[in-house]
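The values are calculated or read from the model by the stated rules, or taken from the named source; none is laboratory data. This structure is a prediction, so every number in the text was calculated from the model and none was measured. Here the Cβ is made from the backbone with ideal geometry for all residues, glycine too, and neighbour counts use every protein chain on show.
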Amino acid sequence: MTTQPAKRITDIGPPHYDQMLHPVIKENYGKWKYHETLKPGVLCHVSETGQKIYSVRAGSPRLLSIDTIRWYADLADKYCKGYLRFTSRNNVEFLLDDPKLIDPLIAELNQNGFPVGGTNNAISNIVHTQGWVHCHSSATDASGIVKSVMDELHPYFISEKLPAKCRVALACCLNMCGAVHCSDIAILGIHRRPPKPKHDILGKTCEIPTVVASCPTGAIRPATVDGKQSVEIVEAQCMYCANCYTVCPSLPMNDPLNDGISIWVGGKVSNARSAPAFSKLAIPFIPNNPPRWPEVVEAVKNIVEVWAKHARKFERIGEWIDRIGWKRFFELTGIEFTKHHIDDFKHAGLTYHTSAHLRF
Amino acid sequence: MADTKYETPMLDELESGPWPSFIKELKKVAPRKPMVQDLLGQLEQSYEEGQGHWKHGGIVGVMGYGGGVIGRYSDLADKFTNCAHFHTIRVNQPAGWFYTSKALRTICDIWERHGSGLTNMHGSTGDIVLLGTTTSELEPTFAELTANGFDLGGSGSDMRTPSCCVGKARCEWACYDTMALTYDLTQSFQDALHRPAFPYKFKIKSAGCPNDCVASIARADLSIIGTWRDDIRVDQEGVKAYEKAGLNIERDVCGRCPARCMEYSGKLMIDNRACVHCMHCINAMPKALRPGVDTGATILIGSKAPIVQGALLSSVLVPFMKIEPPYQELKDLIEKMWEWRDENGKSRERIGELIQRMGMRNFLPAVGLEPNPDMVFHPRANPYVFYDEYFVAEEEGEAQA
């Protein structure tokens, strides 16, 4: 006797987006002519057909309970015929065809603590990672720092008074789940101490050749410790990337005394004006200081405000620094330039200043 | 036992202030979800100590799939028993992150029954992230998701869930239909998405124009960025209206053009052959300027975050490709690059790293592309050039292969 396995549905992929589109969007798909910003957080897209769709963008903590998502659904039913979307920066966007409903929707969002903004020359939501809420390799929390920084930058979310866009992102370790390495301001969790091998169990839990091969600087060697197969770390060669920990749980990296935050600036992904660029190191290390990380908040705010004061119209942080030079950036922000700012990994020489073009 | 409730003085400080609070989100579901009560307890301990308490993932999943579920276990399981298992389920989002209220409620109801009630809308790759459940709930969750038309996303060494910008659904700048392409690629490569068979992950992101709202050039192994190759469409009256409204067109539009290809003196003159398609002028005057009508995409390859050999941005592979159904040229290219990486890639090596290790001179013939000056900022400056063959004197035979 054999029993028939229950029929399983697999490999169906996501629902077709067509089912999810507001009728005005469906009707004007590919026919959009231009858009204008009615006020911060409110866009109006106008079709060749003359029809309009209004988008109201609200900030979100990204980590959402189903209670809040159900409330979003209720708002969508009340104001948007049941249609909404989310943005690549984790904001929620309500899609309306009736402009009279914009202000009541904004009022209801604001009453419930959800700010409307994030468009054009604003600081939009901080793209971020899981941190201590859910990640095994985090050198810091993510949501707590984001909350603390956005509480302070909130006036820039609900207005468009900056010289240009400013994209802030946070990653809680060098894996960088998110475009942290190409952000105007990147908040990056870092470890600063080599992994501490658990020699008693490493040989049983990990494949040693894989562990050795995982190190980008060749800092890991096979070793026998107290008669057990394990590895040794050449500590001077370790730059704390934690790739070994990802392939081997017996090489923990977490270390409260040495883990913390670094701040990087001047990256972008858009091709507008200057080419996409990596963020560069501004502040090598700030200790973790939960629950509100005041030193990180102050550092980010300082960079934003110095840039806002000195940049010309349309200049993003990296473009502003390109014009004034890094020396002036460090002077104006009061950030100290240290040996850690000079690269010493592969291709480091390409970042040395091979000219006499200097500012005094 | 299910009533464990911890004091969380540090987390409570994150409930005040004008930005929406994730702690409030946790507390909304905590009264009915013991798992989240314990999560709050563990998180408070992390805040006190300055370190995380999640263990390395384990291999958990649903039958027949190798991806879509991330195993997560607490290293304080004895203390916080209700979140001892706290696995993540990645659910493939609808293209462009568009939803009906009904679809969202369906997801919420499933997650009410089977998980913590916590989500990310959305994860960095684009999936709906269902945050926190136990191993025994994985199959029932999956069964309900698929019965309602949803499927899992990618994880591990597979094709990760493709994602895209809003595209033609609500943007006048979309140079191709990003959502249609993303849906098609996702459906065409279901096996590669669910069953990890690659040396390492492979991400595809589709952006409708060079503004790249999905950061494809920084976050995708394959970046598909919309562009056009004819002339920018200009409405001269519209340009004048921007000037009247106070925009300094000479200084802030022409003066910021990276190609210096435009001039303004009552009329905007653009040298379209010199234009590098950066979008600045169009961004600055959206009611007056639009991309051209001969549209398609630039295909770029290889971006990634630092782990292992350093961060990379994607670089140009195909300067211009028409992106139209059935997308055969693009799909053939993708399959050829996968085949080449399967042959040559090492474990945890992204394709960008592999290309740097083996060289474009090996990669390009494998995917059937000719070298093109658009692929580089400049030709090589170093004279250490590899040649595949050399001549020898006649008596020694023919040229070596």
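Going by what's in this entry, would B:R348 be described as basic (K, R) and modelled with pLDDT under 95? Here the answer is yes, as B:R348 does meet what is asked. The selection criterion, being more than 9 Å from chain B (Cβ to nearest Cβ), of a type in the set (G, A, S), more than 28 Å from B:H87 (Cβ to Cβ) and within 22 Å of the chain's Cα centre (by Cα), does not hold for A:A223.
A single member of B:L369, B:L333 is assigned to a loop (DSSP other than H, G, I, E, B) and assigned by TED's automatic domain parsing to the domain that holds B:A218, and it is B:L369. So, of the residues in region B:36-73 that are assigned to a strand (DSSP E or B) and under 14 Å from A:G131 (Cα atoms), which turns out to be nearest to the other protein chains (Cβ to nearest Cβ)? Here the answer is B:W54.
When A:L95 is tested against (1) touching a residue at least 60 places away in the same chain (Cβ under 8 Å); (2) at positive phi, only condition (2) is not met.
When B:D158 is tested against (1) within 30 Å of B:C83 (Cβ to Cβ); (2) out of contact with any Pro (no Cβ under 9 Å at 6 or more places or on another chain); (3) of a type outside the set (S, T, N, Q), only condition (2) is not met. Out of the residues in region A:226-262 meeting the condition of being among the β-branched types (V, I, T), surrounded by 18 or more Cβ atoms within 10 Å (Cβ to Cβ) and more than 14 Å from every other protein chain (Cβ to nearest Cβ), tell me which one is nearest to the chain's Cα centre (by Cα). Going through the qualifying residues, I end up with A:I233. Scanning region A:226-284 for residues that are touching a Pro at 6+ places or on another chain (Cβ under 9 Å) and either basic (K, R) or closer than 30 Å to B:A284 by Cα (or both) yields A:I263, A:G267, A:K268, A:V269, A:S270, A:N271, A:A272, A:R273, A:S274, A:A275.
Restricting attention to region B:18-35 and to residues that are at the interface with chain A (Cβ under 7 Å from one of its Cβ atoms) and out of contact with any Ser or Thr (no Cβ under 8 Å at 6 or more places or on another chain), the residue that is nearest to A:P61 (Cα to Cα) turns out to be B:S21. Look at B:V129 and say whether it is at pLDDT 95 or above and not basic (K, R). Spelling it out, B:V129 is indeed at pLDDT 95 or above and not basic (K, R).
Conditions tested, residue by residue: (1) touching a Lys or Arg at 6+ places or on another chain (Cβ under 9 Å); (2) over 15 Å from B:L193 (Cβ atoms); (3) surrounded by fewer than 24 Cβ atoms within 10 Å (Cβ to Cβ).
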{"position": "B:L130", "(1), (2), (3)": "yes, yes, no"}
{"position": "B:S136", "(1), (2), (3)": "no, yes, yes"}
{"position": "B:G149", "(1), (2), (3)": "no, yes, yes"}
{"position": "B:S157", "(1), (2), (3)": "yes, no, yes"}
{"position": "B:T161", "(1), (2), (3)": "yes, no, no"}
{"position": "B:R170", "(1), (2), (3)": "yes, yes, no"}
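Of all residues in region A:61-77, those satisfying the criterion of being more than 26 Å from the chain's Cα centre (by Cα) and more than 7 Å from every other protein chain (Cβ to nearest Cβ) are A:D74, A:L75. Apart from one condition, B:H87 fits all of (1) on the phi > 0 side of the Ramachandran plot; (2) in contact (Cβ under 8 Å) with a residue 40 or more places away in the chain; the exception is (1). Among the numbered conditions (1) aromatic (F, W, Y); (2) more than 27 Å from the chain's Cα centre (by Cα); (3) at the interface with chain B (Cβ under 7 Å from one of its Cβ atoms), the only one that A:Y83 does not meet is (2).
For region A:278-297, does any single residue satisfy the condition of being in a helix (DSSP H, G or I) and either within 16 Å of A:I123 (Cα to Cα) or in contact with a Lys or Arg (Cβ under 9 Å, 6 or more places away or on another chain) (or both)? Yes, some residue in region A:278-297 is in a helix (DSSP H, G or I) and either within 16 Å of A:I123 (Cα to Cα) or in contact with a Lys or Arg (Cβ under 9 Å, 6 or more places away or on another chain) (or both).
In summary, strands (runs of 3 or more DSSP E) completely within region B:220-323 and bearing 3 or more residues that are surrounded by fewer than 21 Cβ atoms within 10 Å (Cβ to Cβ) occur at B:315-321. Can you tell me which residues in region B:206-218 are within 17 Å of B:T186 (Cβ to Cβ), outside any loop (DSSP other than H, G, I, E, B) and in contact with a helix residue (DSSP H, G or I) (Cβ under 9 Å, 6 or more places away or on another chain)? Within region B:206-218, B:S206, B:A207 meet the criteria.
Restricting attention to region A:9-53 and to residues that are at the interface with chain B (Cβ under 7 Å from one of its Cβ atoms) and in contact (Cβ under 8 Å) with a residue 60 or more places away in the chain, the residue that is surrounded by the fewest Cβ atoms within 10 Å (Cβ to Cβ) turns out to be A:L21.
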